[in-house]
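Beneath this line is the structure, given in structure tokens, with notes to follow.
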Amino acid sequence: MGYYRKMEGGRLYLSPTDAGESKSYIRWMNDRAVAEMFGEYGSVISSREDLKWIYEPPAHMQRYAIVLKEGDELIGSISIHNIDHLNRNAFLGIFIGEERHRGNGYGQEALGLMLEYGFKTLNLHNIMLSVHADNHGAIACYKKAGFHEDGKLREWVYKDGGYVDKLYMSIMEHEFLDRGVAQ
């Protein structure tokens with residue numbers, strides 16, 4: 001198991017994913033709170049092969065492990081994908097897999113690192129994400145990071161016998177830089 005500090009914050013860093021961590025990712029993808037975010041709770045994730053999308057991302061995607069500095073503990077994953085260099089935009093995805101670490105600001109810190117990387121290194125203009133409308137903690141985190149709601153797909157996700165809207169949120173390069181939140 002080896003991590004590399006590609007992007008470093010105060011309490012955590014982002015590292016290329018380590019194929020040796022497949023047990024953690026399998027556990028997280030079978031955790032309802034995490035898997036529902038990806039629409040994968042109805043799927044069986046039982047092997048490294050089921051997680052190929054984590055360890056062998058396509059060319060338009062960069063995926064990173066979220067690792068605590070203290071103890072080099074893997075706690076989640078963040079990715080920037082559908083990178084379009086011509087139009088200078090991309091999508092972002094994030095999850096904190098370890099339940100005990102949710103709600104502690106780690107997602108916020110990882111977002112800041114990835115946004116800075118996206119805008120300053122990848123030269124993006126707009127970064128977008130999607131979130132289920134009932135994921136209030138994530139929505140609050142994204143708004144705090146400077147994301148704005150752009151629209152929604154009504155009753156897009158079937159969950160627990162009912163439907164939930166899917167929200168789209170984005171942040172522009174100037175909004176991020178004007179906030180002074182760059183690391």
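Which percent of the Cα-Cα distances in the stretch 7-179 go past 24 Å?
On the way: 5235 of 14878 pairs.
Of the Cα pairs, 35 percent sit more than 24 Å apart.
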Once amide hydrogens are built 1.01 Å from N within the peptide plane, the residues lying 5 or more places from G97 or on another chain with amide H under 5 Å from its amide H are G76, S77
The simple spin-label model distance between N123 and A140, using points 7 Å out along Cα→Cβ, in nm, is 3.9
Between the stretch 16-36 and the stretch 75-89, the Cα center-to-center distance that results, in Å: 20
From the cross-link list K23/K69; K69/K144; K6/K152; K23/K143, the entries with a Cα-Cα span beyond 30 Å are K6/K152; K23/K143
What is the gain in length, in nm to one decimal, between N30 and E155 on full extension, counting 0.36 nm per residue of separation less the C-alpha to C-alpha distance? 42.6 nm
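Read-outs: derived from the displayed coordinates by stated rules, not from any lab. Because the structure is predicted, anything quoted here is derived from the model rather than measured. All Cβ positions, glycine included, derive from the backbone under ideal geometry; neighbour counts span all protein chains shown.
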